[in-house]
């Protein structure tokens, strides 16, 4: 497969046996999540982190400014052009395939993201044709959750999902995140949910909870550095 035409920030050893693909939020870039590689990796683990940059595009939600985003937000909500969302999902799945071709078993690959990146990661996980280790959604929501069942494939049916959200999130109300959680649980996914006293951000408490979940899913190494 041809490597996706996208800027990538990578961290981890060449002989990694695990890959974590994390998508940044609206208007950010891969460097925004880059510090998580050191914070989450157990000292003896061989984990590779991949932080891709979304394409730059003029964004209605940013008054026409050109910023990085996985898709252009509807100024009145969280949906966007179907073709842009589908393109972002395809890119996430291409990165999964890229790691498979580099020798990582799909059961050792985690998809995830923050905010808009988490929306794409959740959608891609549902439809991924390979059984992944799980998916991580930070300060995010499940797009079009009423019709999520139509996007679910068999490979990750009942798969593991980590969701964390701030009770005071001013960008994505926690009620929307909880609605997606309820949908995923109804569809049989194993959801670990954390409601935290924070806003639209990544907190130390969240990092510790995510670290524990990753070690449980990937079964490697001692507790990570706090």
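The numbers here are math on the coordinates, done by the rules we state, and not lab data. Just so we're clear, the structure is a prediction, and the values are computed from it rather than from any experiment. Cβ sites come from the backbone with ideal geometry, for glycine too, and all protein chains shown count toward neighbours.
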- Item | Of all DSSP beta bridges in the chain, antiparallel share, percent nearest 5 | 20 percent
- How high is the relative contact order of segment 47-178, in percent, counting Cα pairs under 8 Å that sit 6 or more residues apart? 16 percent
- Over the chain, what is the mean sequence separation of C-alpha contacts under 8 Å (at least six apart), divided by residue count, expressed as relative contact order in percent? 19 percent
- Task: Enumerate the whole-percent occupancy of each 5 Å bin, from 0 to the last occupied one, for all C-alpha pair distances of segment 1-114.
- Result: 2, 11, 21, 23, 18, 12, 8, 4, 1, 0
- Burial ranking of peptide ranges 92-101, 15-24, 167-176 (average Cβ count within 10 Å, highest at the top): 15-24, 92-101, 167-176
- Task: Pull up the DSSP beta bridges for segment 16-139 and report the antiparallel fraction as a percent, rounded to 5.
- Result: 20 percent
- Item | Over the chain: helical MRE at 222 nm, DSSP H runs n ≥ 4 each giving -39500 (n - 2.57), nearest 500 | -9000 deg cm²/dmol
- Note on the structure: Placing each pseudo-label 7 Å from Cα in the direction of the beta carbon, residue 155 and residue 7 end up separated by a distance in nanometres of 2.9 nm
- Message: Classify the chain from the C-alpha gyration tensor, please: rounded if a/c falls under 1.5, else prolate or oblate depending on whether a/b exceeds b/c.
- Response: rounded
